[in-house]
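Only the coordinates and a few stated rules stand behind these numbers; no lab work does. Computed from a predicted model, the values in this text were never measured in an experiment. As a convention, Cβ positions derive from the backbone with ideal geometry for all residues, glycine included, and neighbour counts pool all protein chains shown.
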């Protein structure tokens, strides 16, 4: 691909005729975003620092330039809105089944010689169901209960794939462990599965805006946990700048690959 030319799978944008210099990035980027509004501005058109693995798939594009200036970063709220809309469409496609296969592959590999528990979550209708495969594979799973507007804590739910406590409908209509459930603390062998709507190129996740998991990850024990998420391929490398409180993932499972962020 030649510098200054955008390549897309189903749509061809006109050539951008200007020199690729630091001074030319901002005006060129503005025009680029206007021309490609159908992408909802979700992805960063300057993938200088790629996430692990290569770009591929019909909805990927490349643009050989420096990352956008801080002023050109997309607002997290706009990215979240676009991502949630895409999630609803994604879950109704065959790509969701491909994500499930990669999720099973990830779990089987992690379970070989690792007896740690999984700190999971009960999915909303617009989220990928992580629990079905954990139950099928006989995992030990802890689920969160919302204690307040700022705090969640985890309770034992599955022991080797079998429920050990009942679930009740809690905050936001989400199933969570009932009042008789036993609270648990993480161990070094455990894995935290983080509900996420998107992530940037460095592996920092974007959630639904409540900040529950960002605050959780600051606590002793949770801070050291191995963290993973399931996110559609298109929603990786979103154009937002991480903040100091944002949670960084170790692994992301998509419908195409399993991405590591060392």
Given a cut-off of under 8 Å on Cα pairs at least six residues apart, what relative contact order in percent is computed for segment 89-260?
22 percent
Cα-projected label distance for residue 105 with residue 189, points at 7 Å along beta-carbon direction, nm
2.6 nm
Least to most buried among 105, 227, by other C-beta atoms within 10 Å and fewest first, runs 105, 227
Would you mind ranking 236, 91 by Cβ crowding within 10 Å, fewest neighbours first?
91, 236
93, 140, 254 arranged by Cβ crowding within 10 Å, fewest neighbours leading:
93, 140, 254
Does segment 171-247 classify as rounded, prolate or oblate by the C-alpha gyration tensor (a ≥ b ≥ c root eigenvalues; a/c under 1.5 gives rounded; else a/b over b/c gives prolate, otherwise oblate)?
prolate
Return the whole-Å distance between the Cα centroid of segment 122-142 and the Cα centroid of segment 198-262.
18 Å
